[in-house]
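Student: Before I ask anything, let me first share the structure, which is written out below as structure tokens.
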Amino acid sequence: MAACSVEELLAKAEQEEAEKLKTISVQKELDLDFDVGNLLACDKNRIESKDFKEQNKEDFLRSLARDNTQLLINEIWKVPTERVEEAIVAKLPEPTTRLPREKPPPKPKPPTKWEQFAKLKGIQKKKKTNLVWDETRVAKNEFNRLKNVARSQKIKTPGVGLLPRAKQSKDELSKAVSVAKTSTASVGRFQDRLPKEKPPKNAGKRRKFEPLIGDFSSEKHKQLELLKVMDSKRPKLDITKAVNKQMREEDREEAASRKKGGKGGAARRPKGKGAKGKGGKAGGGKRRGKPGKR
């Protein structure tokens, strides 16, 4: 009796376990319509009202949903799969069922004034063509570059075109070599020299600039001298200029006083030889020299 009861309990447990772990194969009278892209399955099979009434509604609906979901999962595993970070992922195809929008479609924008004008006049948009390599322009730019190099080297160039020469002198060849070397972006700084090549003549002097790093004592001294001149209240006095200015003022005052004395003494001057005196002309005394030549 006890053994029989144990067997019944084991059979019941196996049945419950089988109900929990149902098979993945589901049989339907009509095949479902699948849209794997939207994860959608449409079941067109008829539901028997008798079965729906006799069974528990919740259990019936749960069982129906489980079977249809199982069929949808089976379809998903038929599409290609790949592994992403230790997980197998299915590549879903494009959806075939058009689902309704969440929001209404946007309204078309009204045309602008320019679009209305272009439509009225029949103006159409034209795409700009891509830039084309112009050999003539390149040759013209190269010719202008050579003319600039020749002008910087003070070489006479013909008005139109370049005149080739069969023979060139040694100086002309050396000058052509130096021009070709200095026509680079680095102005010939990194160009190699021949073993016995002499430095080019009339290369010009390069301007020397103060270093940007290192000792700034000379620059500091120049700046301090400039500040002293700007901050000084009294300007620097040029002694020679000041003396010459003072002498000119004295000569101007003396000439003005002599002119006044000559006009007033003409009526009171007595007749005779003693009017002029030993000094000669009225207002005797030696005349000073020109300012600045004492």
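The values are calculated or read from the model by the stated rules, or taken from the named source; none is laboratory data. This is a predicted model, so every value here is computed, not measured. Glycine also receives a Cβ, built like all others from the backbone with ideal geometry; neighbour counts cover every protein chain displayed. For the accessible areas, the whole protein counts, side chains as well, though only heavy atoms, and no ligand, DNA or RNA atoms are used. Shrake-Rupley method; radii C 1.70, N 1.55, O 1.52, S 1.80 Å.
Student: First select every other residue whose beta carbon is under 14 angstrom from the beta carbon of Pro93; then total the charges, Lys and Arg +1, Asp and Glu -1. Write down the numbers at each step before the final one.
Tutor: Values: positive: Lys78, Lys91; negative: Asp35, Glu75, Glu94.
Around Pro93, the charge tally is -1.
Student: Out of the total accessible area of the stretch 1-143 (probe 1.4 Å, heavy atoms of protein only), what percent is carbon and sulfur?
Tutor: Numbers: 7780 of 13990 Å².
Roughly 56 percent of what the probe reaches on the stretch 1-143 is carbon or sulfur.
Student: Here's something else I'd like to know. Please state the charge dipole magnitude for the stretch 1-97, taken about the Cα centre, from unit charges on C-beta atoms (+1 on K and R, -1 on D and E), reported in debye and rounded to the nearest 20. Kindly include the intermediate steps, with their values, before the conclusion.
Tutor: Working: 14 positive and 22 negative charges, 45 e Å.
About 220 debye.
Student: Something else about it: Going down the table (Lys175/Lys208; Lys154/Lys175; Lys28/Lys50), which pairs top 20 Å between alpha carbons? If you can, show how the numbers build up before the last one.
Tutor: Values: Lys175/Lys208 25 Å; Lys154/Lys175 11 Å; Lys28/Lys50 18 Å.
Correct reply: Lys175/Lys208.
Student: So if R0 is 41 Å, what FRET efficiency would Ala242 and Lys156 give, r being the distance between their Cβ atoms, rounded to the nearest 0.05?
Tutor: Working: r = 54 Å, r/R0 = 1.32.
Rounded to the nearest 0.05, the efficiency is 0.15.
Student: So for each of 54-60, 243-249, 124-130 I average, over its residues, the number of other beta carbons within 10 Å; can you give me the resulting order with the highest mean first? Display every interim value, and only then the final one.
Tutor: Working: 54-60: 10.3, 243-249: 13.3, 124-130: 5.6.
Per-residue Cβ counts within 10 Å, averaged per peptide and sorted highest first, yield 243-249, 54-60, 124-130.
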